[in-house]
1. Would you mind pulling out the separation of the Cα centroids of the stretch 19-66 and the stretch 93-113, in Å?
2. Work out from phi, with θ = phi - 60° and the Karplus expression 6.51 cos²θ - 1.76 cosθ + 1.60, the ³J(HN,Hα) of each residue of the stretch 128-134, listed in order in whole Hz, and give x for Gly and Pro.
3. Of the heavy-atom accessible surface of the stretch 39-157 (probe 1.4 angstrom), what whole percent is carbon and sulfur?
4. In nm, what is the difference between 0.36 nm times the number of residues separating Q87 and D160 and their Cα-Cα distance?
5. Of the peptides 89-96, 41-48, 130-137, how do they stack up when ordered by the mean number of other Cβ atoms within 10 Å, highest first?
6. Output the peptides 116-123, 77-84 sorted from most to least packed, where packing is the average of other Cβ atoms within 10 Å over each peptide's residues.
7. Full-extension gain between Q140 and D152, please, as 0.36 nm times their residue separation minus the C-alpha to C-alpha distance.
8. What spacing in nm lies between the two simple spin-label points modelled at R42 and R30, each 7 Å away from Cα in the Cβ direction?
Amino acid sequence: PDGSRCTAGPRRRKHAISPVMASPSIRPLRADDIARVAEIERRVFSDPWSKRSFEELLAQRAVRGFAAHDQRGLLIGYCVCSLAADQGEILNLAVEPRVLRRGVGTALVAAMLEWLRGEGADRVFLEVRRSNEAAIGVYQRAGFVPLGTRLDYYRDPREDALTMALDPAPGAARK
């Protein structure tokens, strides 16, 4: 797996669901979620992580995943982050295309940041495709700022990554 990906992009469908959606419920990602996560991953990304990649990554102590569910209990988005010493990293984030732009990505980012801060993260980093303006907007609204560019970071299609960082909230509690 390589880099953070967020799918808050501008995809539209003729028969999209109503823009009115209750806030998603967020909970820790479980082993029985992985098949659905891999399904969304394949639908969303041109270079998707495999089911096995998710299983191996989530087996690590320093990695956490979160799942977003709609009011019917269907998994509609997920994210994965890691913590090393006092630094967090958003590794992957995806939202089911039919519910884009309805706050799912924002809710997932908030859950990750709450966990990372609670575990003592002083800074949080991520990479995002330069062309993914919607995802960049989600991250900027959460307080992330651009740091620089990683040339040819993504493949299929090849594209640069924008690196971003979030400094701790003033007065953030440490464990």
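1. 12 Å
2. In residue order, the calculated couplings are 9, 4, 4, 7, 8, 4, 5 Hz.
3. 47 percent
4. Answer, rounded to one decimal: 24.0 nm.
5. Packing order, densest peptide first, comes out as 89-96, 130-137, 41-48.
6. Final packing ranking: 77-84, 116-123.
7. This chain segment gains 2.1 nm when fully extended.
8. For R42 paired with R30, the spin-label model returns 2.3 nm.
The values are calculated or read from the model by the stated rules, or taken from the named source; none is laboratory data. These figures come from a predicted structure and were not determined experimentally. Cβ atoms come from the backbone with ideal geometry, glycine included; neighbour counts cover every protein chain shown. Just so you know, the surface numbers come from the protein's heavy atoms only, side chains and all, with ligands and any DNA or RNA stripped out. Shrake-Rupley method; radii C 1.70, N 1.55, O 1.52, S 1.80 Å.
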